[in-house]
1. What nm distance separates the two modelled labels at Ile188 and Ala166, each placed 7 Å from Cα along Cα→Cβ?
2. If the elastic network links every pair of Cα atoms under 10 Å, which of Ile135, Ile14, Ile197 fluctuates the most in the Gaussian network model of the chain?
3. Dipole magnitude of region 1-118 about its Cα centre, charges +1 at Lys/Arg Cβ and -1 at Asp/Glu Cβ only, in debye to the nearest 20?
4. Let me spell out the model: positive unit charges on the Cβ of Lys and Arg, negative unit charges on the Cβ of Asp and Glu, origin at the Cα centre of region 4-227. What dipole size does that give, in debye rounded to 20?
5. Once you keep just the Cα pairs under 8 angstrom separated by 6 or more residues, what percentage relative contact order results for region 134-177?
6. For the chain, modelled as a GNM with alpha-carbon contacts under 10 angstrom, which of Asn106, Asn146, Asn81 fluctuates the most?
7. Sequence gap at least 6, Cα distance under 8 Å: using those rules, report the relative contact order of the chain to the nearest whole percent.
8. Using the count of nearby Cβ atoms within 10 Å as a rough guide to exposure, how do Tyr147, Tyr179, Tyr59 rank from fewest to most?
Amino acid sequence: MSRVALVTGGTRGIGAAISVALKAAGYKVAANYAGNDEKAKAFEAETGIAVFKWDVSSYEASVEGIAAVEAALGPIEVLVNNAGITRDGMFHKMTPEQWNDVIGTNLTGLFNVTHPIWSGMRDRNFGRVINISSINGQKGQMGQANYSAAKAGDLGFTKALAQEGAAKGITVNAICPGYIGTEMVRAIPEKVLNERILPQIPVGRLGEPEEIARIVVFLASDDAGFITGSTISANGGQFFV
Ligand code: NDP
């Protein structure tokens, strides 16, 4: 049996590690991305993982993109909602555009991608939906009112949908990463990283994308069938809920 998995934002950072780990675990993987063709094509050539371009903030584009994935690989049984963006700014300076962009991708994107896949999972009595939220959705973060609101919304979505999916063999869970060493975080000036960020992390280091990917592989497996509606924090001891 080789299940089909879709990873949104699956060509870079944490999503790329998730795509690669799912492929290594035997899944047929589709990696979605938004616009960075060069990076996506290089990822496809390097890993052999098929890439599919659409913007998850559009429902119509998501319906079309999912149809293309299912035509190429078969019905999607594992969905990892990972695509995410930041448009940071202090709230008094935040524009409606910054707000709407982040809510559109990081929260509405989960509706747009999950909704067209959900009925098929119900019909087949099996599904795994794994939402990548954030520590900043759990605790809030100054300069990220939009991002924190969207990521907290992802947790509410997870818990509600878990209740709807339970009788149909579908589990829905969330992962809240702390600081993970992706390009974005590694681009932070070394001084800020060493003096301001690392001291907040009890284990004394950034997380690795592969550490999030391994949680996804477990949650996607048959072994994790009793885990639903859960939030798994992976933040090096920075914040407990
Ligand atoms: P990256 O910026 O490295 O990669 C983002 C990926 O998402 C890219 O593949 C990008 O495609 C894709 N993407 C962005 N917007 C859209 C969109 N509208 N439609 C489709 N695809 C889109 O992100 P990270 O790996 O750092 O983050 C991944 C997830 O983890 C995000 O949800 C983020 O909020 C969350 N997270 C990250 C943390 C970290 O420390 N890095 C900490 C906590 C949570 P393209 O290449 O085309 O732009």
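What follows is calculated from the coordinates using simple rules that are stated; it is not laboratory data. Computed from a predicted structure; not experimentally measured. Cβ sites come from the backbone with ideal geometry, for glycine too, and all protein chains shown count toward neighbours.
1. 3.7 nm
2. With Cα springs under 10 Å in the chain, the top fluctuation among Ile135, Ile14, Ile197 is at Ile197.
3. 300 debye
4. 420 debye
5. Averaging sequence separation for qualifying contacts and normalising by length gives 40 percent for region 134-177.
6. Asn146
7. Over the chain, the number comes to 20 percent.
8. Sorted ascending by nearby Cβ count, the order is Tyr59, Tyr179, Tyr147.
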